[in-house]
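> There's a structure below that I have some questions on.
What follows is calculated from the coordinates using simple rules that are stated; it is not laboratory data. These numbers come from a predicted model, not from an experiment. Note that each Cβ is placed from the backbone with ideal geometry, even for glycine, and that neighbours are counted across all protein chains shown.
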Amino acid sequence: MSNQTPRRTDPANDLLRATTRLNRWASRHASFDLPVAQARLLSLIDDLGPTRISTLAEADHSSQPTITAGVQRLEAQGWAGREPDPTDARATLVSLTKEGRIALAAARKARAAVLAPVIDALDAGERARLDEAITVFEEVLDRASLAVPNLQAQHRKEA
């Protein structure tokens, strides 16, 4: 019998499912004051940088009214702000405030803290495999980020 892990038949789905489970587990067990939906929106704004509500809605697969309400909650907490879009006087860009970055960092730290003991308990071989898996995962994300505009353009042509 081989010690090798069998080759997965649906690695894309397996990876998405595993990351979803990990995120939910970390959020469920972490202790932080920020509602998960607000943490997710803060993270999305952080990833995209100053951006329009419509772009946030598209990226989150949510409606503009849903994102607008979420941004208003973040603004009420002092975690996000809006500024005029320099390319379109009718639009505004949403960005994180200093307080929003602090709140997001605290939520991320709390989530990582619940996972750290599990990772610390790995033996050296498991830790090396995890480190390699993280590296490969980041490479997959980098490649996916480059491919997305091309895939979206192709999808629009086919529609």
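> Scan (i) -0.83, -1.04; (ii) -0.88, -1.18; (iii) -1.13, -1.35 for the value of log10 I(q)/I(0) by the Debye sum over Cα atoms at q = 0.16, 0.19 Å⁻¹ calculated from this model and give just the label.
Step by step, log10 I(q)/I(0) by the Debye sum over Cα atoms at q = 0.16, 0.19 Å⁻¹ for this structure corresponds to label (iii).
> From the mean inverse distance of alpha carbon pairs (Kirkwood) and the Cα radius of gyration, derive Rg over Rh for the range 3-89.
Computed over Cα atoms, the ratio is 1.11.
> What is the magnitude of the charge dipole of the chain about its Cα centre, with +1 placed on the Cβ of each Lys and Arg, -1 on the Cβ of each Asp and Glu, and no other charges, expressed in debye to the nearest 20?
In total the dipole reaches around 340 debye.
> I want to verify a result. In a Gaussian network model of the chain, Cα cutoff 10 Å, which of these has the top mean-square fluctuation: Arg40, Arg143, Arg24?
Top of the fluctuation ranking is Arg143.
> Give the residue from Leu96, Gln38, Pro11 lying farthest towards the positive end of the charge dipole for the chain; charges sit on Cβ (+1 for Lys and Arg, -1 for Asp and Glu) and the dipole is referred to the Cα centre.
Gln38
> Moving to a separate point now. Need one number: the % of Cα-Cα pairs in the range 70-109 sitting beyond the 14 Å mark.
50 percent
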